[in-house]
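The values are calculated or read from the model by the stated rules, or taken from the named source; none is laboratory data. As the structure is a prediction and not an experimental result, all values here were calculated from the model. In this analysis, Cβ positions are derived from the backbone assuming ideal geometry, glycine residues included, and neighbour counts consider all displayed protein chains.
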Amino acid sequence: MASRRVVCIVGPTASGKSSLAELVAERLGSSVVSVDAMQVYRGMDVGTAKTPKGERRVPLLMVDVADVDEDYSVQRFQKDARACIDGLLGRGVVPVLCGGTGLYLDAVIDQMDFPAGVIGDERRQSYERIAAEQGPEALHRLLAARDPKSAALIHPNNVRRCVRALEMLDEGVSYAKNNEGLKRREPHYDARIWAISMSRERLYERIDTRVDKMFDSGLVEEVRGLRECGLNRSHTAGQAIGYKELLAALAGESTLEEARDQIKRRTRHYAKRQLSWLKRDGRARWIDVDEIGRDHACDLIVHDVLGQLDASSSNQEEVD
């Protein structure tokens, strides 16, 4: 698997993983592949903390690949991200993956199969119509009648996931069985996962500072412009933290200051979920960048990658 080695730099939002990943990629002569469910969308720059184009020290892949009114699925992300990664591997460089969307990372680095068929708009709209006209509970009852195990894993109010589970059933795949497959993880790449850690107090301080900086950098104007281009809360992109709250504020449902507070609170909750995912996964090696510094952290990661590659090459020579 040495020829399929990738480095993954993960951690909660606002932990500094992007700058570390960029430094590692620069040292390896490689590129960063973003593993973020919302950075894929064009125009969502400030609120997703994309590194500005003029400040990027290495190529940043898997950003700006979809319009905000598209439903960019994890299945599509898997295909596109793997194409980027395989292109880098084909050039003999080690890709550096960076992001905090656990499902998207797993879909890329692990064997995860998705239904081959594509459900047309009419079928999806019929399910969404049930939720709209009869309520989310009615859609969940339909799923429970067809696949009780899948329904038990999905909250009745999660319309999007209920719809997807029903679509999967129509394609002959159970959401529950597919979810069980994720727990029996089989690697698609030889992934070296490094996670950034820091005290909860320090992380929350960084989150609050980042949100304030986003407001100062034009987040409200960005969301207003995207809304004029058609973004709304029914879109996947419109559910992103920062965008959802400001869309509500711009619709008169809250003040901008209330939206700011909601964004900070929900970002902190999201960071907790990211940490829980990493701890459950169990594969990551943790580094406290505040304690050892970003440059030292970069040295650790680069030396590990190069050392492992050298060892693999030596083993192969012995076999030959």
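Numerical summary
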quantity: Answer from G282, G218, G225 - the residue that is farther than 19 Å from S19 by Cα, of a type outside the set (F, W, Y) and within 19 Å of the chain's Cα centre (by Cα); calculated: G282
quantity: Residue, surrounded by the fewest Cβ atoms within 10 Å (Cβ to Cβ), within the range 162-193, restricted to residues that are within 16 Å of D106 (Cα to Cα) and at pLDDT 90 or above; calculated: P187
quantity: Residue check, I85 more than 17 Å from the chain's Cα centre (by Cα) and of a type in the set (V, I, T); calculated: no
quantity: Filtered residues of the range 1-56 (kept if among the acidic types (D, E) and over 16 Å from the mean Cα position of the chain (by Cα)); calculated: E22, E26, E55
quantity: The range 76-101 residues that are assigned by TED's automatic domain parsing to the domain that holds R273, paired with ones that are of a type in the set (D, E) and crowded, with 21+ Cβ neighbours inside 10 Å (beta carbon under 9 Å, 6 or more apart); calculated: V96/E22; C98/E22; C98/D36; G99/D36; G100/D36; T101/D36
quantity: Filter result (modelled with pLDDT of 95 or more and touching a strand residue (DSSP E or B) at 6+ places or on another chain (Cβ under 7 Å)) within the range 70-90; calculated: A81, C84, I85
quantity: Those residues of the range 11-29 which are under 10 Å from V96 (Cβ atoms) and in contact with a helix residue (DSSP H, G or I) (Cβ under 6 Å, 6 or more places away or on another chain), in sequence order; calculated: L20, L23, V24, R27
quantity: Residue identified as more than 30 Å from S197 (Cα to Cα) and touching a residue at least 24 places away in the same chain (Cβ under 8 Å) among L246, L226, L278; calculated: L226
quantity: Matching residues, the range 148-173, being over 23 Å from A237 (Cβ atoms), assigned to a helix (DSSP H, G or I) and not polar (S, T, N, Q); calculated: P148, K149, A151, A152, L153, L169, D170
quantity: Residue, surrounded by the most Cβ atoms within 10 Å (Cβ to Cβ), within the range 239-269, restricted to residues that are outside any helix (DSSP H, G or I) and polar (S, T, N, Q); calculated: S254
quantity: Among residues of the range 196-224, those that are farther than 25 Å from K279 by Cα and not in a helix (DSSP H, G or I), counted; calculated: 2
quantity: Matching option when the condition is within 19 Å of S234 (Cα to Cα), in contact with a helix residue (DSSP H, G or I) (Cβ under 8 Å, 6 or more places away or on another chain) and of a type in the set (G, A, S), among G99, G47; calculated: G47
